[in-house]
Amino acid sequence: MIILDCKNNYDFFAYVLKIKEELRKLTTYLLAFFWIGLFAQERTNLENPLIEKQIFDKDRIPLVEGKLLNYSPSDAPSLSIKYSFATPTIKKQVTRSAEIASDGSFNIKLDLGIGYQEVWLSVGDLYYGRLLANKDLYIELDLTLLQESPINHIGEGVAFSGTDAKMNMFINEFEIYKSDKRAEIDDEKISIIMSNSFSKLEKEKELKKVYKKQATIEHQFAKKNGKNFEWILANDRIASMYADLFSIHWGKKMSDLLKQECLAFKPSIVSNASIRYYDFIGLYYKIPNRIETKMITERTLRAQLSETTSSANLDQFLREYDKKRDHLQYNAEVYEQGEMLYLDTYEAELEMASLDLQLQKINKLSKEKSALVKLLSQPDNLRLRAIFIEKVKSEDPSSWIISLMTKDLETDIKLVDNLTSVLKQNKDQNNISIGTETHLTDCFIADSISMESLICNIKAMYPEKAIILDFWAPWTSICKDDLTRNKSFSEALDTLPIQMVYLCSSLDVSQKSWEDALASFPESGTHIYLNDQLTAEFMEYFQIKKYPTYFFIDQDGNFDRDLIPSVSQVKPRKLAARVSKSERI
């Protein structure tokens, strides 16, 4: 209880401030106790200090096995088992294939000794379901029944056993419960987040209203099916809500009270929703707001001033820089000159300043939450990621997250180096083919036996050119939109020795829908439709999470996955310099 003892009016404002601070603390404590009570039933949370010991304990890795009943090895060519599982690392989600033994048995291999790991399992076109692995789980799929009637989640021909069986029956039953209504709710969330008419405060209120509707559906389901596992549904709903609330504040200021509420939550399962929660916290701290951007840019560039760079010229550029960022009319000539003179020249220094500010903000979180946010906030760019890891090491050399970060970085570097080596070994090959021609010009159906052979054949087809591979899908508009947002990129393609090659994913895309989409394609280039096997290879090898994803191969066969994060972001000068450098070599 807060007791007021105001002796005079002068003390009143001091007491008001004291009350506000006490209420802030009380709110934080109450939220913490609320989450602890909600998720307390023989469960831990991802921010438990014990996680740093448990996560590397191989004996704690949940066991997931299965068997395809009525399986024959003759089914193998047309049947594949794919699974994806959430992971609290930069990968966020790992996609793998499971080998099918001659008796139909298979294993799902997880990496970390954490309980309650979410897995999404697909068996060809016959079965798709959500698994939650805590201790041990066994799933049987009757191919005879599934071939007659494919199943999503649960139904005839699908059986769970093991310690985690009841939990998995519960969550899969929920996946099909009022799915249409839940899809409508998801659409409502997106509409609110993307709205240009709502203020931040209005978005916060509307999102919470929509999530209450979702909670009502969960309560109705649990009332009929038992409440022992309702906490799993609550975990994902709450994690998703707070992730959405962070997303509407990217590059903006969030109120302290809302931030405390969001950060008080501690997920209890390793699901896509939980990973998204930490990822979106990381993006909130990674994307600077307007004031922070201005501070970083001005402070960093002023530190680089020399006798040849006058303060007056920098001041002039910064004024136009601020106008452009605020979508005001600006002097394009002054801006473009300053961009080359300052932003391009001191790009590395600006990147370091951004990383330092990002870590400075993340370090204000609790030690446990900070560790998870850092894991998920690492830069995708391999060079910047290496620097990020070194900065984390310098803060706490013994931190458990460093080994995970380092392992992922080494793996990704090895993948790139391997492709570069293969490309250079095969650069002089003859009698190459990138696929079967279609009735459309420069459009092919891939017939390569592997991803590596296809990439090598593409490079050999254009030996004197650099290659940009655009991995895309027609059903997402951003793939075409991204190509039209940067006119200078299109102009650069007309003047530089670069060949665009568009690799269409077959995931939910038929050959006909691909061909139809090409009728309105915004850029010229070579188009290749990937079969299911090649699509899966690309997605697994590079752990592709978004469309479009770009890869660059220079004239000499050096593979680069970082040069083009998006066409709208790429600077033609940088692209030209990379091509010219390769030509000089």
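Worth pointing out:
- About its Cα centre, the chain has a charge dipole of approximately 2300 debye under the convention of +1 per Lys or Arg Cβ and -1 per Asp or Glu Cβ, with nothing else charged.
- Think of region 433-500 as a dipole: +1 on every Lys or Arg Cβ, -1 on every Asp or Glu Cβ, centred on the Cα centre; then among Thr436, Trp472, Phe489, Phe489 lies furthest on the positive end.
- Spread of Cα-to-Cα distances over 5 Å intervals beginning at zero, given as percent, for region 452-585: 2, 10, 22, 24, 21, 15, 6, 1, 0
- Our summary gives the chain a relative contact order of 11 percent, counting only alpha carbon pairs under 8 angstrom and 6 or more residues apart.
- Gyration tensor verdict on region 443-490 (Cα atoms; rounded if a/c is under 1.5, prolate if a/b is larger than b/c, oblate otherwise): oblate
- Listed pairs Lys178/Lys203; Lys253/Lys545; Lys91/Lys512 exceeding 30 Å between Cα atoms: Lys91/Lys512
- Computed over the chain, Kirkwood Rh from alpha-carbon pairs, angstrom: 27.1
- Accessible area expressed per residue, region 318-366, with surrounding protein chains retained (probe 1.4 Å, Å²): 59
- Hull-based mean projected area of region 165-242, where the convex hull spans the alpha carbons, in square nanometres: 5.1
- The protection proxy used here, the mean number of other Cβ atoms lying within 10 Å of each residue, ranks peptides 177-183, 50-56 as follows, highest first: 50-56, 177-183.
- Pairs from the list Lys58/Lys367; Lys424/Lys459; Lys92/Lys374 with a Cα-Cα gap above 21 Å: Lys58/Lys367.
- Over 14 Å [Cα-Cα, region 290-347], rounded percent: 52
- Selection from Gln329, Leu343, Leu355 lying farthest towards where the dipole of region 323-398 points positive, charges on Cβ: Leu355
- Relative contact order (%) - criterion: Cα under 8 Å, at least six apart; region: region 65-177: 26
- A viscosity of 0.890 mPa s and a temperature of 25 °C, combined with the Kirkwood radius over C-alpha pairs in the Stokes-Einstein formula, give region 251-298 a diffusion coefficient of 200 µm²/s.
- Cα convex hull of region 508-568, projected area averaged across orientations, nm²: 5.4
- The residues packed around Gly157, meaning those with a beta-carbon under 10 Å from its beta-carbon, carry a net charge of -4 if Lys and Arg are +1 and Asp and Glu are -1.
- A protection proxy built from the mean count of other Cβ atoms within 10 Å ranks the segments 70-78, 224-232, 164-172, most packed first, as 164-172, 224-232, 70-78.
- Debye-sum result for region 237-337 in log10 I(q)/I(0), which assumes one identical scatterer on each alpha carbon, at q = 0.18, 0.20 Å⁻¹: -0.84, -0.94
- Overall, the accessible surface of region 501-569 at a probe of 1.4 angstrom is composed of carbon and sulfur to the extent of 49 percent.
- Rounded Å value of the spacing that divides the Cα centres of region 147-214 and region 355-434: 33
- Solvent exposure of region 471-578, expressed per residue, is 42 Å² of accessible area, with all protein chains present and a 1.4 angstrom probe.
- Packing rank of 447-454, 143-150, where each peptide gets the mean count of other beta carbons within 10 Å, highest leading: 447-454, 143-150
- A crude spin-label estimate for the pair Lys424 and Lys223, with each label 7 Å from Cα along the Cβ direction, gives 6.8 nm.
- Evaluated at q = 0.14, 0.16 Å⁻¹: base-10 log I(q)/I(0), Debye formula over Cα of region 60-200: -0.72, -0.88
- Accessible surface of region 279-333 [probe 1.4 Å, protein heavy atoms]: carbon and sulfur percent: 50
The values are calculated or read from the model by the stated rules, or taken from the named source; none is laboratory data. Only a predicted model underlies this, so the values are computations on that prediction, with no experimental measurement involved. For neighbour counting, all protein chains shown are included, and Cβ atoms are generated from backbone atoms with ideal geometry for every residue, glycine included. To get the accessible areas, we keep the full protein, side chains included, count just its heavy atoms, and leave off ligands, DNA and RNA. Shrake-Rupley method; radii C 1.70, N 1.55, O 1.52, S 1.80 Å.
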